[in-house]
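The structure under discussion appears below in the form of structure tokens.
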Amino acid sequence: MKLIDPIVEFHSELQAIRRNIHAHPELCYEEQRTADVVAQNLEAWKIPVLRGMGVTGVVGVIKRGTSSRAVGLRADMDALPMQEFNTFAHASQHDGKMHACGHDGHTAMLLGAAHYLAQHGTFDGTVYVIFQPAEEGGAGAKKMIEDGLFERCPMEAVYGMHNWPGAPVGTFGVTPGPMMASSNEFEVIVRGKGSHAAQPHKSVDPIMVAVQIAQSWQTIVSRNKSPIEAGVLSITQIHAGSATNVIPDDAKLVGTVRTFTLEVLDLMEQRMRDIATHTAAAFGAEVEFRFKRNYPPLINHAAQTAFAVEVLQQIVGEPNVNAQVEPTMGSEDFAFMLQAKPGCYVFIGNGGGEHRDMGHGLGPCNLHNPSYDFNDDLLPIGATYWVRLAEAALAADAG
Ligand SMILES: [Zn+2]
Ligand SMILES: [Zn+2]
């Protein structure tokens, strides 16, 4: 592995920063302390800082030479509302909050790159290091864009990275095109007419209607969308009734829809609405149909993905870069940045879990697991990737 020596020598400082952030997790748009840690380090390294973009977002501006070219590197800073099981010294000091997705590590890796680029970086142009809030459901990336990220920091491409538990340390995964899914939620209320359970003929039974809708919806996946296209429709909650001898007035269906394209999403939402409305009408009931689009699909741009793969191969070697990694139905708000700018998002292997305390919590060390911990071995690997990517994108001789 070809890591950058000064970054490797800076490992213990980066680990200290990472563990400090891990011990003080902050939720969506509350990342004040974390933003302070980021900004104070950048400023100590003489990097100009923009603050408060997207509430708590921070951008460091690293300029070299005379070129007007620019590239963006993005990390996320927020934690999750869950209780940490780990008992090591840097475990969360705040009940009910935890860095279980490794955003502490993402922040530290990007700081490591910024530290090196400001001191030794060989490039001509501007590298924007973007620290965004609220990835976990708060659409912090979108908020930063709405706050003028790409106008205030004009850049030709933007890059993202997420740790991936289960993939060995020193490996990367990426694919052109869709890599993560759109994330959407629905809530459908069937309004019927309640009655005594022994007199069903006096009711419009909302439970029967809800069950028919639930069954029929699965035909959208199997009969409406192309079998080649991916799509998930999961009903995760059904609520109705309160007594064994009462037919209730209404029933509620709640769940999530995931797709890799907006075309399939449009189709699924429309068919869900049609099936719900017409099924209810057939039984004399009515529906309230609510469908909320959270994150769009994350779609890597082909040219920037090929470029990132080349950079990665030079660092960890060709066999350690899976350039056609299997997409996941998880979602990620970096998708908003890739809708606005060309770019690429990669997975960096976080190892199998041997780096963390064992013996509590089930499973290996999956993301959002109460026993998860970001693997500090990645810090110099991720930071080296960021540096080599920025230097190659803004190569002084690129003209
Ligand atoms: Zn995450
Ligand atoms: Zn997460």
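Could you give me the ³J(HN,Hα) list for segment 369-376, computed from phi with Karplus coefficients 6.51, -1.76, 1.60 and θ = phi - 60°, whole Hz, x at Gly and Pro?
Working through the residues one at a time gives 9, x, 9, 5, 8, 4, 8, 5 Hz.
Please identify, among LYS143, LYS63, LYS46, the residue showing maximal mean-square fluctuation in a Gaussian network model of the chain using a 10 angstrom Cα cutoff.
Greatest mean-square fluctuation among the candidates belongs to LYS46.
Tell me whether segment 1-110 comes out rounded, prolate or oblate; compute the Cα gyration tensor, take square roots of the eigenvalues as a ≥ b ≥ c, and use a/c under 1.5 as the rounded threshold. Write out the running numbers ahead of the final one.
Details: a/c = 2.34, a/b = 1.46, b/c = 1.60.
In terms of gyration-tensor shape, oblate.
From the phi of every residue in segment 158-173, what ³J(HN,Hα) in whole Hz does the Karplus formula 6.51 cos²θ - 1.76 cosθ + 1.60 yield, where θ is phi - 60° and glycine or proline is x?
With coefficients 6.51, -1.76 and 1.60, one gets 9, 10, x, 8, 9, 5, 9, x, x, 8, x, 4, x, 10, 10, x Hz.
Working with all protein chains in place, sort THR328, THR236 by solvent-accessible area computed with a 1.4 Å probe, largest first.
From most exposed to least exposed: THR236, THR328.
Over the alpha-carbon set of segment 12-72, work out the extent along each principal axis and list the three values in angstrom, largest first.
40, 30, 17
Does segment 211-293 classify as rounded, prolate or oblate by the C-alpha gyration tensor (a ≥ b ≥ c root eigenvalues; a/c under 1.5 gives rounded; else a/b over b/c gives prolate, otherwise oblate)?
prolate
Once you place label points 7 Å from the Cα toward the Cβ at LYS193 and MET1, how far apart are they in nm?
That separation, rounded to one decimal, is 6.9 nm.
Could you work out the relative contact order of segment 36-171, using alpha carbon pairs under 8 angstrom and six or more residues apart, expressed as a whole percent?
Reported relative contact order: 36 percent.
Could you list which residues have their amide H under 5 Å from that of SER183, counting only those 5 or more apart in sequence or on another chain, with H placed in the peptide plane?
ASN294, TYR295
Charges only on Cβ, +1 for Lys and Arg, -1 for Asp and Glu: so what's the dipole of the chain about the Cα centre, in debye to the nearest 20?
Magnitude of the dipole: close to 740 debye.
For the pair PHE88 and ALA303, how long in nm is the line joining their label points, each one 7 Å along Cα→Cβ?
In this crude spin-label approximation the distance works out to 4.2 nm.
For segment 277-399, state the average projected area of the convex hull of the C-alpha atoms over all orientations, rounded to one decimal in nm².
12.9 nm²
Taking amide H atoms as placed 1.01 Å from N in the peptide plane, list the residues 5 or more away in sequence, or in a different chain, whose amide H sits under 5 Å from that of GLY351.
Amide H neighbours of GLY351: GLY166, ALA167, VAL169.
Counting pairs of alpha carbon atoms under 8 Å apart in space and at least six apart in sequence, what relative contact order in percent does the chain give?
Value for the chain: 25 percent.
Compute the separation of the alpha-carbon centres of segment 85-149 and segment 236-258 and state it in Å as a whole number.
40 Å
Ignoring ligands, DNA and RNA, what accessible area per residue does segment 248-399 give at 1.4 Å, in Å²?
Values: 6260 Å² over 152 residues.
For segment 248-399, the per-residue accessible area is 41 Å².
In deg cm²/dmol and to the nearest 500, what is the mean residue ellipticity at 222 nm of the chain if only DSSP H runs of at least 4 residues count, each as -39500 (n - 2.57), divided by the residue total?
Taken over the chain, the calculation gives -10500 deg cm²/dmol.
May I ask for the Kirkwood hydrodynamic radius of segment 66-206, worked out over all distinct Cα pairs and given in angstroms to one decimal?
That comes to 19.4 Å for segment 66-206.
Rounded to two decimals, what is Rg over Rh for the chain when you use alpha-carbon atoms and the Kirkwood radius?
Reported Rg/Rh (Cα atoms, Kirkwood Rh): 1.05.
Percentage of Cα-Cα pair distances in segment 144-252 greater than 25 Å, rounded to whole percent? Don't skip to the end; give the middle numbers.
On the way: 3298 of 5886 pairs.
Percentage above 25 Å: 56.
Any idea what the relative contact order of segment 103-231 is, in percent, if you count C-alpha pairs under 8 Å spaced at least 6 apart?
The normalised contact order for segment 103-231 reaches 12 percent.
The values are calculated or read from the model by the stated rules, or taken from the named source; none is laboratory data. Everything numeric here is computed off the predicted structure, so don't read it as measured data. Ideal geometry is used to build each Cβ from the backbone, glycine not excepted, and the neighbour counts take in all protein chains shown. Surface areas here come from the heavy atoms of the whole protein model, side chains and all, with no ligands, DNA or RNA. Shrake-Rupley method; radii C 1.70, N 1.55, O 1.52, S 1.80 Å.
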